[in-house]
Amino acid sequence: MLSQALKERIICEHREVPCSALEMEQRLLARKIRVSHNKIRAVLKEAGLAKREPKKSKRRKWVRYERTKTNSLWRVDWKLLSNGKWLILFEDDATRLIVGHGLFDSPTAEAALQVFAVATAKHGVPRQLLTDNGTQFCNTQNRTDPAHAFHGAVKRAGVDHVFTRSSHPQCNGKLEKLNHTITRLYDYYDDDLEKAVKAYNEKKLHSSLEWQTPLAVWNKKTAKGLKYKNTTKS
């Protein structure tokens, strides 16, 4: 039987950063509070905060692959939000850290380049950048056309611009999950993207990161020298 104080603690934690019962279990465990995720789910359900868990489909046998060093690979994608704004996110593959983000009226090459410039100024230049084949990222008739605003600038920065393959769903899976999570946080924080990204980077625990936050993993890898350094001079 959980005490009322502990129930209130669980509800308070969830309201700060909404998360699954499994993640909440790890958040409390980090504070040396042991509560099973089943009991946590019951508390959240009673408070009307438990989200319905979707039925899990049978997983395909893809081998998980992610980079060891930060800045080895970034991925980027656009998403249309319910308020009509376009969200762009740049994510580091090794740490899941959102290194760049922005909201725009239209998904353009210039807007993507603007966010890329801010991201590289803050976090450094990645070795590779993974995008889809959209017109915002390349000339669809000739993907390696240096005259394209975004692709050309990325290449001049010394970045290997690589593209997703439609036959390989794992290429897009991580970004689809990220978009879903950020959209949920964006709605939760009343359309405040800065709060949503901060919560994702600094407070949300990831099972794929051994229940650490993206920022914590980024800092640890950087401290160990596990950060790719692009020495290309543009």
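The values are calculated or read from the model by the stated rules, or taken from the named source; none is laboratory data. Note that the structure is predicted; figures quoted are calculated from it, not measured. Counting neighbours? That spans all protein chains shown, and the Cβs are built from the backbone with ideal geometry, glycine included.
Here 231, 213, 135, 164 are screened, and the one residue that is in contact with a Lys or Arg (Cβ under 7 Å, 6 or more places away or on another chain) and either farther than 18 Å from residue 90 by Cα or not aliphatic (A, V, I, L, M) (or both) is 213. Between 111, 153, 119, the distinction of being within 25 Å of residue 205 (Cβ to Cβ) and either not basic (Lys, Arg) or not assigned by the TED database to the domain that holds residue 165 (or both) belongs to 119 only. Among the residues of segment 1-31, count how many are over 21 Å from the mean Cα position of the chain (by Cα), assigned to a loop (DSSP other than H, G, I, E, B) and surrounded by 13 or more Cβ atoms within 10 Å (Cβ to Cβ). Result for segment 1-31: 1.
Is it the case, given these coordinates, that residue 121 is among the small types (Gly, Ala, Ser), in contact with a Leu (Cβ under 8 Å, 6 or more places away or on another chain) and part of a helix (DSSP H, G or I)?
So residue 121 fails the test.
Looking across 134, 100, one residue alone is in the same structural domain as residue 165 (by the TED database) and surrounded by fewer than 20 Cβ atoms within 10 Å (Cβ to Cβ). It is 134. May I ask you to verify whether residue 105 is among the acidic types (Asp, Glu), in the same structural domain as residue 198 (by the TED database) and closer than 20 Å to residue 201 by Cα? No, not satisfied. Considered as a group, the residues in segment 191-218 that are acidic (Asp, Glu) and modelled with pLDDT of 95 or more include one that is nearest to residue 84 (Cα to Cα), and that residue is 191.
Is it fair to say residue 113 is modelled with pLDDT of 95 or more and part of a strand (DSSP E or B)? No; evaluated as a whole, the condition is false for this residue. Taken together, 223, 216 contain a single residue that is touching an Asp or Glu at 6+ places or on another chain (Cβ under 9 Å), of a type outside the set (D, E, K, R) and either under 23 Å from residue 124 (Cα atoms) or touching a residue at least 12 places away in the same chain (Cβ under 8 Å) (or both), which is 216. For segment 38-50, filtered to residues that are in a loop (DSSP other than H, G, I, E, B) and surrounded by 13 or more Cβ atoms within 10 Å (Cβ to Cβ), the residue that is modelled with the lowest pLDDT is 50.
To keep it simple, each residue is scored yes or no on (1) in contact (Cβ under 8 Å) with a residue 12 or more places away in the chain; (2) under 24 Å from residue 230 (Cα atoms).
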| site | (1), (2) |
| --- | --- |
| 83 | yes, no |
| 90 | yes, yes |
| 99 | yes, yes |
| 111 | yes, yes |
| 116 | yes, yes |
| 119 | yes, yes |
| 126 | yes, yes |
| 138 | yes, yes |
| 145 | no, yes |
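For segment 53-76, the criterion of being at pLDDT 90 or above and loosely packed, with under 13 Cβ neighbours inside 10 Å is met by at least one residue. Does residue 35 qualify as being modelled with pLDDT of 90 or more, more than 24 Å from the chain's Cα centre (by Cα) and of a type in the set (A, V, I, L, M)? Judged against the criteria, residue 35 is a match.
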